[in-house]
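Here is the structure we will look at, set down as C-alpha cells.
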Amino acid sequence: MTRRFPHLDDVWPAGLGRRLGAMFYDSFLLLAIWIAITTLHVLVVRKLLGLAPEEVGAGVWQVLSLRLLLVVAAFAFFAFFWRRGGMTLGMQAWRLRVQTLDGGPISLRQTMLRFAVGAFSFVPLGLGHWWVLFDSERRSWADLASGTQVVVLPKAAKR
C-alpha cells in the first residue's frame, strides 16, 4: 500500500508561471551539480589518465562519458526529490508537488517517464511545457505520459 500525501482536498493544478519559477530555481541547483561533476571529470582525466591540458575534452570517450554523467546526475537529482517528498527545492519554494492522480508519491517508473518526456518537451521550443496552457487540467506532456500531476499546496497556517 502506498502512502498518500495529506491535504489532498486543499490542492489545485499548477499553472505555467509557478512551474517555470520552480524550473528556474532548480536550474541553478542543477548547474552547480553539473559544475562539480565537470570539475571532477576534468581532474580524473588530467590526474588519473595523465592527459595534457590541450588533450582534455578532445576524445570522443571523454565527451560521451561527461555527457552521460551529466544526464545521470540530472535524473538522480529529480528522482531523489520527486520520490522522497514529491518536491525539488525549487518546487518547495513555489509550493508545488508532483504526485500520482490519486494523491500518492510517484513510482520510479513514473519518475523515469517524467524525466525523459520533460527533457524531450524542451525540443519543440518548450511546447511540452507550454501544453499546460491548453490542457483543461493544466497537465504538461510529462504529466500526461507518466500519469502524474503537479499541484499547488496551500499556504501554511500561521499560528
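Taking K155, is it modelled with pLDDT under 95, part of a helix (DSSP H, G or I) and farther than 15 Å from M23 by Cα? No, not satisfied. Among the numbered conditions (1) outside any helix (DSSP H, G or I); (2) in contact with a Lys or Arg (Cβ under 9 Å, 6 or more places away or on another chain); (3) over 20 Å from L108 (Cα atoms); (4) not hydroxyl-bearing (S, T, Y), the only one that M87 does not meet is (3).
Restricting attention to segment 118-128, the residues that are open to solvent by 30 Å² or more (accessible area, probe 1.4 Å) and under 19 Å from V71 (Cβ atoms) add up to 4. In segment 115-128, the residue that is farthest from A74 (Cα to Cα) out of those that are under 16 Å from the mean Cα position of the chain (by Cα) and assigned to a helix (DSSP H, G or I) is G128. The residues of segment 129-150 that are hydrophobic (A, V, I, L, M, F, W, C), buried (at least 20 other Cβ atoms within 10 Å of the Cβ) and outside any helix (DSSP H, G or I) amount to a single one, V150.
Checked against the criteria, L68 does not count as in contact with a helix residue (DSSP H, G or I) (Cβ under 9 Å, 6 or more places away or on another chain) and either open to solvent by 80 Å² or more (accessible area, probe 1.4 Å) or not aromatic (F, W, Y) (or both). Select from segment 13-43 the residues that are more than 20 Å from the chain's Cα centre (by Cα), of a type in the set (A, V, I, L, M, F, W, C) and loosely packed, with under 14 Cβ neighbours inside 10 Å and list them in ascending order. Those that are more than 20 Å from the chain's Cα centre (by Cα), of a type in the set (A, V, I, L, M, F, W, C) and loosely packed, with under 14 Cβ neighbours inside 10 Å: L40, L43. In segment 24-36, the residues that are modelled with pLDDT under 95 never reach a residue that is loosely packed, with under 11 Cβ neighbours inside 10 Å with C-beta atoms less than 8 angstrom apart, at least six apart or across chains. Listed conditions (1) exposed (fewer than 11 other Cβ atoms within 10 Å of the Cβ); (2) more than 24 Å from K155 (Cα to Cα); (3) modelled with pLDDT under 95 are all met by R46, apart from (1). Of all the criteria given as (1) at pLDDT below 95; (2) touching a Ser or Thr at 6+ places or on another chain (Cβ under 9 Å); (3) open to solvent by 60 Å² or more (accessible area, probe 1.4 Å), the one not satisfied by M112 is (1).
The values are calculated or read from the model by the stated rules, or taken from the named source; none is laboratory data. Given the structure is predicted, the values throughout are model-derived calculations rather than measurements. Positions of Cβ are generated from backbone atoms using ideal geometry, with glycine treated the same way; all protein chains shown enter the neighbour counts. Keep in mind that these areas ignore ligands, DNA and RNA; they rest on the heavy atoms of the full protein, side chains included. Shrake-Rupley method; radii C 1.70, N 1.55, O 1.52, S 1.80 Å.
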